[in-house]
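The values are calculated or read from the model by the stated rules, or taken from the named source; none is laboratory data. On a predicted model such as this, the values are computed, not experimentally measured, just so you know. FYI the Cβ positions are ideal-geometry reconstructions off the backbone, even for glycines, and counts take in every protein chain you see.
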Amino acid sequence: MNRRDILISSGAAALMHGAFAQVGGVPVRILVGAPAGGSTDTLARTLAASMGPALGGRTVIVENKPGAGGNIAADAVAKAPPDGNTLLMSFTSHAINATLYPTLPFDPVKDFTALTCVATSPSVLVANPSVPVKDVRELIALAKSKPGQLNFAIGGIGSSLHMAGEAFKMQAGVYIVNIPYRGTAPAVQDVLGGQVQLMFAAVGNVQQHIKAGKLKALGVTSAKRLPAFPDVPAIAEVLPGYESSAWFGLFGPAHMPPEVTKRLSDAARQAIKDPEMRKRLDNEGAIPVGNSPDEFSAFVQGEIKRWAKVVKFSGAKPE
């Protein structure tokens, strides 16, 4: 190795050491593009608590920057220094927004370093008990006989649950009217009250209502039946290939040093195995993942392509 190569190598090593020192010496911030108390925020806080010890006892804090479907937090991370001190806990909308928004201040792939998918969360199609169907097959038949007379409550335009409904309508060839709400909670309440007939909802938000008989579970959006609802068919049993799960993932800014990327990804994946984290995921009806940065990056790119078709079909515009 000549003198020039040695100098370059030494400089690169110093930069890597500096990056490690920054990750280890100051708090790591995880930005969340959703309000406090929701699934993304809850998982981020549980992950942060478990990541701290995995990063040598460093402090990991969560900051909420809600708005624009998660884009405000994502933009802040995209523009942050690539030192591993500012991360993003994002969700399915990261992929949906790539098509939903005509322009974004960042590239959802190129401006981020994918670290790991934390978990996926299938949803369940529920109906008010007054709806005269007992499963998805009967619902499709009813919707085809009464186009535009049934309705879906949706907790937010462009959300994963909104798109689950659009994918259902697209594949089933039915017209069901969307009734948008500002949040999942009021949407669930109106389905319980009978003001709206149907809804795709996260398992954790409706599980107790299904068990109490206040809502009917017609189908789950996972490829196969869920252990929590063994008697509820997967929608894919009627619409082959149908699948829609929300996901939660950890990102950093683009151009992070490989060693920092590995350290943060390894810490997050170790945290996902923590019993407290697993308990929280179970409570949210979520399934732990913990894949590699390369696997997560490929997954996100595939999600952007997959949801693009559904967003275009829906004609949805950002709120």
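For the reader, a short list of remarks on this structure follows.
- Candidates Phe251, Phe299 - the one that is assigned to a strand (DSSP E or B), in contact (Cβ under 8 Å) with a residue 40 or more places away in the chain and either farther than 19 Å from Val109 by Cβ or under 17 Å from the mean Cα position of the chain (by Cα) (or both): Phe251
- Filter pass, Ala223 being modelled with pLDDT under 95, crowded, with 17+ Cβ neighbours inside 10 Å and either assigned to a loop (DSSP other than H, G, I, E, B) or assigned by TED's automatic domain parsing to the domain that holds Asp107 (or both): no
- For the range 275-307, filtered to residues that are at pLDDT 95 or above and of a type in the set (Gly, Ala, Ser), the residue that is farthest from Phe168 (Cα to Cα) is Ser292.
- Single match in Leu31, Leu87 (criterion: over 15 Å from the mean Cα position of the chain (by Cα) and either outside any helix (DSSP H, G or I) or of a type in the set (Ser, Thr, Tyr) (or both)): Leu87
- Among the criteria (1) over 15 Å from the mean Cα position of the chain (by Cα); (2) surrounded by fewer than 23 Cβ atoms within 10 Å (Cβ to Cβ), the one Val60 does not fulfil is (2).
- Neighbours by Cβ (under 7 Å, 6+ apart or cross-chain): first from the range 275-290, in contact (Cβ under 8 Å) with a residue 24 or more places away in the chain and part of a helix (DSSP H, G or I); second surrounded by 18 or more Cβ atoms within 10 Å (Cβ to Cβ) and hydroxyl-bearing (Ser, Thr, Tyr): Glu276/Thr46; Glu276/Ser50; Met277/Thr46; Met277/Ser50; Arg280/Thr42; Arg280/Thr46
- All conditions in (1) more than 22 Å from Pro132 (Cβ to Cβ); (2) in contact (Cβ under 8 Å) with a residue 40 or more places away in the chain hold for Pro240, with the sole exception of (2).
- Failed criterion for Asn178 (all others in (1) touching a Leu at 6+ places or on another chain (Cβ under 9 Å); (2) under 21 Å from Leu239 (Cβ atoms) hold): (1)
- Cβ separations smaller than 6 Å between residues 6+ apart or across chains give the following pairs from the range 138-157 residues that are modelled with pLDDT under 95 to residues that are surrounded by fewer than 21 Cβ atoms within 10 Å (Cβ to Cβ): Ile154/Asn178; Ile154/Pro180; Gly155/Tyr181; Gly155/Gly183; Ile157/Pro180; Ile157/Glu319.
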